[in-house]
Structure formats: structure tokens, C-alpha cells
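**Q** This is the structure I have questions about; it appears just below.
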Amino acid sequence: MQHTITALVENTPGVLARVAGLFSRRGYNIESLAVSITEDPTVSRMTIVVGGDDRTLEQIEKQLNKLVEVIKVYDYRDTPAVERELALIKVTAGPDKRAEIMQISDIFRGKIIDISERTLTIEVTGPVAKVDAFQDLMSPYGVKELVRTGKIALARGARATVELRGAQ
């Protein structure tokens, strides 16, 4: 079972290494990891997708909360959330297949961001399942290169997912 966790952490050097080290020391595999600063430049948001049962998730949360630089840990298990992923896919696209690939990209609301004599590079965003489906459809054409951001998530609605430092 996959779990999506957000950790708000201090935006300081070495925090990512300490969080990743915590996972590796305990034998937990990070399936996806996306990190960026938040609306507060002193705070970074880590969105971590990890496999395991509820007990594993509970242990991960406890271990993360022990790290000094971690401000708040939140999991999306019981929370309606908006989740997205971005992928850039470079596909072999000779003149005979180009229109076909562009038509499939349009159906997925993909955006052609680069074109060369032999390839198309397509940007696709959406839920992980959509990105997976698009990648599967591009495979027969020959995927030359692929990069995916990993899942990012925010709780739905006006209420913030987590309270930042000093919020009451």
C-alpha cells in the first residue's frame, strides 16, 4: 500500500540528507520524493510517497517527528487532497508517426515542448495514473528519455494542510 506524507522542514542545508538517511537506516523505500520551498522561505515541503502498511506509516511519522529540523508531519490517508505529477517524455517520432503521437498527446492534454527531426518531447501533468497511462501509450513509439517529478499533494479546501511555525 502506498502512503503520501508531507513533512514541513526547516529550509537548511543537509535536511534532505537527514530525512533520506532516516528512511534508508530503517529499511524503508522512498518511492517518490519532491521537495521545494513553501510560501515561507524558511520552510521546505517534502512530499514523500512510501510503501508499507499502516504500522509502517506510523513508525515513519514517529521517526520523522524526532528530527529537530522537522516542523510538522502530515499524511493524506484520511484527507481529501489534490495530487499531481509532472513528466517529460522524449519519444522517437519520425514523420510517419508524428501526427499519431500528437493526437494522443492532445487527448491527455499533453504539451509538445520540443521537436527535432527524430523526436518529440512532451510534457504531461495530472494524477499519477494519468501519467502512467500516457507513458504506457508512448512505449510502443520508443521512449528515448523520461523524467518524472514524483507525486506532489495539497489538502483540498481553504484550510491549510498543516500549521506552520507560530500559527495558532
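The values are calculated or read from the model by the stated rules, or taken from the named source; none is laboratory data. Since this is a predicted model, take the numbers as computed values, not measurements. Neighbour counts run over all protein chains shown; Cβ positions are idealised from the backbone, glycine included. Ligands, DNA and RNA are stripped out before the accessible areas are found, and what is left, the full protein with its side chains, is counted by its heavy atoms. Shrake-Rupley method; radii C 1.70, N 1.55, O 1.52, S 1.80 Å.
**Q** Under a crude label model (7 Å from the Cα following the beta-carbon direction), how far is E10 from D106 in nanometres?
**A** Each label point is offset 7 Å from its Cα along the Cβ direction, giving 5.3 nm.
**Q** Show me the three semi-axes of the equivalent ellipsoid for the stretch 33-168, from the C-alpha gyration tensor (sqrt of 5 times each eigenvalue), largest first, rounded to whole Å.
**A** Working: eigenvalues 277, 47, 36 Å².
Each semi-axis is the square root of five times an eigenvalue, giving 37, 15, 14 Å.
**Q** Rounded to the nearest 0.05, what FRET efficiency do T38 and N65 have when you use their Cβ-Cβ distance and R0 = 22 Å? Walk me through the numbers on the way to the answer.
**A** Numbers: r = 18 Å, r/R0 = 0.83.
Between T38 and N65 the formula returns 0.75.
**Q** Right, another one. What is the Cα convex hull volume of the stretch 42-103 when expressed per residue in Å³? Before the final figure, lay out the partial values.
**A** On the way: hull volume 11.2 nm³, N = 62.
That works out to 181 Å³ per residue.
**Q** Related question: Got a sec? What order do R148, R55, R98 fall in by accessible area at 1.4 Å, biggest, i.e. largest, first? Write out the running numbers ahead of the final one.
**A** Working: R148 70, R55 165, R98 50 Å².
Per-residue accessible area, sorted high to low, gives R55, R148, R98.
**Q** With both partners inside the stretch 40-168, how many of the DSSP beta bridges are antiparallel, as a percent to the nearest 5? The partial results should precede the final answer.
**A** Details: 21 of 21 bridges.
Around 100 percent of the beta bridges assigned by DSSP in the stretch 40-168 are antiparallel ones.
**Q** Can you give the accessible area per residue of the stretch 1-122, in Å², using a 1.4 Å probe?
**A** Working: 6830 Å² over 122 residues.
Value for the stretch 1-122: 56 Å² per residue.
**Q** Something else about it: Taking all protein chains as present, what is the carbon and sulfur share of the accessible area of the chain, in % to the nearest whole number, probe 1.4 Å? If you can, show how the numbers build up before the last one.
**A** Numbers: 5030 of 9800 Å².
Looking at the chain in its full context, I get 51 percent from C and S.
**Q** Given points 7 Å out from each Cα along the Cα-Cβ axis, report the L88 to A17 separation in nanometres with one decimal.
**A** Those two pseudo-labels are separated by 2.6 nm.
**Q** Using a 1.4 Å probe and counting only protein heavy atoms, arrange T125, T56 so the residue with the most accessible area comes first.
**A** Details: T125 65, T56 30 Å².
Correct descending sequence by accessible area is T125, T56.
**Q** Could you rank T47, T79 by how accessible they are, 1.4 Å probe, largest area first?
**A** Working: T47 5, T79 30 Å².
Highest to lowest solvent-accessible surface, that is T79, T47.
**Q** Determine one quarter of the surface area of the Cα convex hull of the stretch 1-113, which equals its mean projected area, and express it in nm² to one decimal. Before the final figure, lay out the partial values.
**A** Values: hull surface 39.2 nm².
Result: 9.8 nm².
**Q** Need one value: the accessible area of K130 in square angstrom, 1.4 angstrom probe, rounded to the nearest 10.
**A** Surface open to solvent at K130 totals about 60 Å².
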